[in-house]
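Below is one structure; the comments refer to it alone.
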């Protein structure tokens, strides 16, 4: 198992390093992620469209609120599972 | 030659009848008389439906019916032509006899699981008719597989470990061959875009490279393992553990006939006479089946078990059918096609006699049958008729097909094939005459009193023996098999009747 | 090759999470102890979070909270044009992903408790051996042994 | 009518939100009366089935549906896109979900008598997760739903056989986490180089940077991640245990759906996030996939022969069947693709039916070892007939669904010039015969050792109905494969391969 693990890890690590050469530089304001028009939109419109000054909050609760619903579902599922597994009484 | 087509649902109904019957058989499983009644009703309806199509076919027309377009360009469709109806008449007619015989056999031996038996029997018959009426390779494959599956429980009927292992063997051979057939169909479809049978062969195959064509032909013939060509014949003697009516079904009515039927369909309706001739495949195939004819006859001589001897005889006789088709002369094909019903009638007589011996005298081995004719004269007379037919002697029909085959071989001036036919006739005699001799002329070990099989068994075997004689004496009566075969041959050779 | 050397010196953050990822991944596959596997999974996931967060960084950027308090719309526009904010999107994504990771860990730990109750061990080998029923009473035995060690 | 219009406008999101909300509410419903849970689930699943059918109908008649969640235009907010591919998969999810739902009432009562409420809650959440994964047009949203479906699957499996189920669930959790992490990493990579999370937007941005190493790495991580999720051969280790030890209903649900949705996701990422040129020509990923799939087909079948637990046998058979789907996808020609996509439907029907049968047999007799199945044919005739039909389908007998997909896959292989795959497909059919026929022999021909006379003791009606329905559909779609092919799969395959455009 250790050998398999090592091979897998080396393969994955190799892939990561290989890809790392073309990743945008750290803190690069020219990176595609930052240059995409949606960022501009979020920064300029977050407050008017969402009413909060914190853009992360605006994104979390408004633009990508649906992800947050999913997130809540994940917590609910996990809670349900834990109850299911650990509670001894009939549920 | 333009061929008029008629659209009619009758072929689909003919296939469906026994499907419906099988459901009814299941439903009435607890009432043996009603259950078997359904079998009879279905057998008669099926036969009349098949016969009702005969006049149109004799007029040279073709009946078509498309059930559904299963996949685009891949319909499940029926097409009744002369060759198809030849096989359909044989099967559906013989089913009536086998049904009656089954009832006698199964009740006398008090076999278990009779509902399953009749159910599978009905499905197998549907499949056989389905094969006969298939308009394309895919429909044929569908029923071909259905036939394999539905006959497996029949072969393994007794559920002993021997039966199960024979059943497995049966299934293994036929499933592998089915896969091979599927592969061939795929290839044909890939290269030509169709799988529909055509009187002159499927157009487009002739453009294939020669090697591909040969490989395709080989995979097709492996796919026809139901026809029991020699290296692929082992399932047939193994399947003899089944009850005798099942053997009759396998040998005379459905399974092996479906095999040779498919082989001829492939040879004449997929490849076509021209392609067979150009590629030289006909000659290789003729030599190949000749080996089977001779070897199987020799094997038959060594068997003491009567049913096994008959099984090897079938292996040998089936190759006659294919030999006739690959002779690709008018006479040869006539002989080959005609051998399907003729062999059916004669072999079913022989098997029913063998079954009657098992049921009444409890005898399976030829060496135990000394003087058995004194106990069962009618049975043994019928047996003699069938055996004479097999050898190729009048009055039974066998001599006619052999005559046509010989004519075909003579037309080609091929001394080897003529020799094969003659030698095999001698060999046939060599393994059938001892049975007749033992039964009629050897002194019984102990005194035997007259005791025939029950009427439900005796009547059918007598009738088939009589029919074997009739088709031998008046082969060319209007509407008889020879008439149908002539039309079929005219279709594929493109000539007049 | 020069690309890689450049990364080694310039992109130290990248090396940190690549290393973490490999450590976590290795632990998930190779470790026999179930808790260690879960820890490995957490390290793996954390490394990915770091990767996302480092994507968000912009040189000279500040947290993506508009710098104006409650002064009204005019001020907001002014602030927006002057200040560089870091990319807010990866933060959002990773907030979600963290919750997912925590939930997965919770389920994993609950499962581990169940496994321990059943087999009396958290070592994969022991569980496997028990499941193969080499020693039917192994579970009880292993439990006593572990209690003794404590 | 306005109220109705309101609903029809929001159907895409409702297909996900309704089971989600119903899942949240199930504990409350169960608190009122435990028995209500099942009716609640039935109501929900029926509604979902109606909605997904309506969605697919809309897609077929008037083209792809775009739904903007919260009204935000796509790259800004999250978007739901329903095209032929996910409309088709959603319908399968809803249908199989409904079938398993009907079936579950009796089997859960017997197997998990005191976990009814969490079971149904998690059941609905699993459907939510799968629906969300399928329907979404945003890759991060995809990840979130992937985790919902994974967590619920862990929970369902953990409910199974005492001890074994928990261990299987844990192993699955570790493998699933690796897979999900790889997928998350791939999403991060794609985000880093494109700045977008929207699938359509991303597909527009990616082609200009295909020479970027990050894109290749992202594809590799996705492929590995999804291969684990679908249980493609060398990465299948979690699957047999998980399928074997889950409760019967859960096995059927997970086997019928989880891997199929994984396969869907793989197709979506290969052909909608990336483009066919990249996957087929530039990286040859499709070709690698076909070889892995061919290996999976053979190895899965061979391993299935060695099993004596029926559920484990079916699990290994799943490994081989998933190979068919991916083989068709990897062949990357229109015919092969149709075969692969058709097999998503076909395999869901067959495998779900088989697992339901295994569950029904277990329900009545408590037997899972197929060497003890003697005489079952007389005891449970309907159940065993369903088994026969589904198994013949798996073998690929014409007239059943298995034949149509194999036919297309084989033709696709020939078209791609890969004769070896034709042989692989045919050989695997033979292997299927081998392992299914052992079961047939036992069911119909074996003699039970203890009792001479077997009383007829069929599974309850609520179990029979879904099984029989699935068996009927196995035959129906075998004979009428024309409909899914003509209306969905043919235009879809063309569109995926970039030959035509979706309506």
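Observations on the structure shown:
- Burial ranking of peptide ranges B:415-427, D:391-403, D:219-231 (average Cβ count within 10 Å, highest at the top): D:391-403, D:219-231, B:415-427
- Per-peptide average of other Cβ atoms within 10 Å, ordering D:303-312, D:335-344 highest first: D:335-344, D:303-312
- Per-residue mean of foreign Cβ neighbours for D:75-83 is 3 (Cβ atoms of other chains, 10 Å radius).
- Normalised by the number of residues in chain B, the average gap of Cα pairs under 8 Å and 6 or more apart makes the relative contact order 15 percent.
- Debye-formula intensities of chain D, expressed as log10 I(q)/I(0) at q = 0.06, 0.07, 0.08, 0.12 Å⁻¹, are -0.25, -0.34, -0.45, -1.04 (one equal scatterer per alpha-carbon, no solvent).
- Helix D:334-365 axis, angle to chain D major axis (alpha carbon atoms, nearest 10°): 30
- Packing rank of D:250-263, C:28-41, B:105-118, where each peptide gets the mean count of other beta carbons within 10 Å, highest leading: D:250-263, C:28-41, B:105-118
- For the segment D:422-433, counting C-beta atoms of other chains within 10 Å of every residue's C-beta and taking the mean gives 3.
- Other protein chain Cβ atoms within 10 Å, averaged over every residue that makes up C:109-122: 5
- Fewest-first ranking of B:53, B:457, using other Cβ atoms within 10 Å as the exposure measure: B:53, B:457
- Fewest-first sequence of D:31, D:437 by Cβ atoms within 10 Å of each Cβ: D:31, D:437
- Neighbour-count ranking [beta-carbon atoms within 10 angstrom, fewest first] of B:352, D:350, C:22: C:22, D:350, B:352
- Label separation (residue B:367 vs residue B:172): 2.9 nm, computed from points 7 Å beyond Cα along the C-beta direction.
- The long axis of helix B:330-356 is offset from the longest Cα principal axis of chain B by roughly 30 degrees.
- Note on residue B:415 and residue B:301: with the Förster distance fixed at 22 Å, the Cβ-Cβ geometry gives a FRET efficiency of about 0.35.
- Mean separation of Cα pairs under 8 Å and 6 or more residues apart, divided by the residue count, gives chain D a relative contact order of 15 percent.
- Antiparallel content of DSSP bridges confined to the stretch B:5-493, in %, to 5: 75
- Helices in chain D, meaning DSSP H runs of at least 4 residues, each add -39500 (n - 2.57). Divided by all residues, the mean residue ellipticity at 222 nm is -24000 deg cm²/dmol.
- Between 0 and 90 degrees, the angle of helix D:419-440 with respect to the longest Cα principal axis of chain D falls at about 30 degrees.
Values quoted throughout were computed directly from the atomic coordinates according to the rules given, and no laboratory measurement underlies them. All of these numbers come straight from a predicted model, not from anything done at the bench. No Cβ is skipped: glycine too gets one built from the backbone with ideal geometry, and neighbour counts run over all protein chains shown.
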